Amino acid sequence: MDRMNGVSRENCLRCEGTMLSRGCEQIQLGKTGWFMGSWGNLIAGALEVEVFACGKCGKMEFYCNSVTER
């Protein structure tokens, strides 16, 4: 159970199935625009999350690990 907010990472919130860790990934922050192109993505950095997936229904949950700069 996550002590910060009382959420259990072991059981799926949708179907009560078992949540399995799929490891850590970096999610790109920022957005692409007409004027600046992809520079917003490069400047914004990434958010590191741990990914959990339900073995029963496939629901995915992301838990923040830290904010990383590129």
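Working ranking of peptides 51-57, 16-22 by packing, defined as the average number of other Cβ atoms within 10 Å per residue, highest first, is 51-57, 16-22.
Close amide H contacts of Arg9 (hydrogens built in the peptide plane, cut-off under 5 Å, sequence separation of 5 or more or a different chain): Asp2.
Distance between the modelled labels on Glu50 and Thr18, one decimal in nanometres: 1.7 nm (7 Å Cα→Cβ projection). With K and R counted +1 and D and E -1, the other residues having a Cβ less than 11 Å from that of Arg14 yield a net charge of 0.
Only the coordinates and a few stated rules stand behind these numbers; no lab work does. A quick note: this is a predicted structure, and the numbers were derived from the prediction, not measured. Neighbour counts run over all protein chains shown; Cβ positions are idealised from the backbone, glycine included.
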